[in-house]
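Notes for the one structure printed next.
The values are calculated or read from the model by the stated rules, or taken from the named source; none is laboratory data. Since we're looking at a predicted model, the values are computed, not measured. In this analysis, Cβ positions are derived from the backbone assuming ideal geometry, glycine residues included, and neighbour counts consider all displayed protein chains.
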Amino acid sequence: MIKFINFLSRRRIQNLTFVVLVYLLVTLPHELVGVTITGIFKGVPRAQYDLTILCIGGVVLLTFASYLFLQLRKLEKLKIPLVFFIFCLTAMIVSLKVIIIVNIEIIHFIQYALLGILLFPLIKNYFATIAMITLLGAIDEAYQYYYLSPQRTNYYDFNDVILNLLGGAMGMIFLRSHIGIRQFLSPRESAHRRTWIYYSMIIAMMSLLIWQKNIIQDGIDMIGLPLDWADFGAVLIRKPTTSFWTEIPPKILYHVVQPFEGICLVTILLFIFSYIYKESE
């Protein structure tokens, strides 16, 4: 893996090309992937379908974890990557129980872990890479919500934004477990602080735009622009939920992450994962 990262870091144009191609493969064929999977499992009961996908995901996770632990055994300081792996895995399991509707959505973890690994040699900062993955995942969900299937979606999918973030974080944990990865990191302390300050400013602005609609509207009225910000802010949720759990047949319960709630969760997760860089070897 170190040789692969070194190869990409020496060839930034090719690296950027790989990132763009993988991102396009992740975002553009949503409809094709959905139709293909539906065709493969046509006639299979929902419970059996979910169990099959879960078993496949379990095999992938077991393979990944086995390789990760082989790398961790080589480290002198394995506490931080091990703790972050356990935390990220726990968050993924909780996501499976709370915000994932069908188990095929665990593909988000794999897609954005791979994208994060490819993106890292360009950014050379764990936190900034996870933040960029989160932004790219948010753009992906906006593409689906506003363009690909606006008639079939009732809300901007912060659920998937969180899954994408966790996938990117797992990719960084994977890289963090390798001896020699430190040589690819940019100066850590100053870069880490600057990136977090900039991101916090963006989070604060987004929270203000979505949560404090009256304050924004007062500012718009003061300037004299003919805009109704309350209506604009509401477009993230076309069909408001009335309770914590949303139910769809056959008795599937999941939670729709609300905009302000999603921003808070993303911020908390990014703050936690911003300390992955410590004691890299």
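A few notes on this one:
- The helices (runs of 4 or more DSSP H) falling completely within region 1-120 that include 1 or more residues that are at pLDDT 90 or above, surrounded by 13 or more Cβ atoms within 10 Å (Cβ to Cβ) and touching a strand residue (DSSP E or B) at 6+ places or on another chain (Cβ under 8 Å) map to 79-98.
- Which listed residue, of TYR155, TYR146, is without any contact (Cβ under 8 Å) to a residue 40 or more places away in the chain, surrounded by fewer than 23 Cβ atoms within 10 Å (Cβ to Cβ), farther than 30 Å from LEU8 by Cα and not hydrophobic (A, V, I, L, M, F, W, C): TYR146
- Answer residue from region 235-281, given it is assigned to a loop (DSSP other than H, G, I, E, B) and aromatic (Phe, Trp, Tyr) and is surrounded by the fewest Cβ atoms within 10 Å (Cβ to Cβ) among those: PHE244
- Qualifying position, being farther than 30 Å from LEU51 by Cα and aromatic (Phe, Trp, Tyr), among TYR67, TYR126, TYR145: TYR126
- Residue tally, condition farther than 13 Å from LEU8 by Cβ and touching a residue at least 40 places away in the same chain (Cβ under 8 Å), over region 116-138: 8
- Just one of the numbered conditions (1) small (Gly, Ala, Ser); (2) more than 22 Å from the chain's Cα centre (by Cα); (3) modelled with pLDDT of 65 or more is not true of SER177: (2).
- Positions within region 121-135 being in a loop (DSSP other than H, G, I, E, B) and under 20 Å from PHE271 (Cβ atoms), in sequence order: ASN125
- Listed conditions (1) among the hydrophobic types (A, V, I, L, M, F, W, C); (2) buried (at least 20 other Cβ atoms within 10 Å of the Cβ); (3) under 10 Å from the mean Cα position of the chain (by Cα); (4) closer than 30 Å to LYS3 by Cα are all met by PHE127, apart from (3).
- Residue within region 55-66 that is closer than 16 Å to ILE106 by Cα and in contact (Cβ under 8 Å) with a residue 60 or more places away in the chain present: yes
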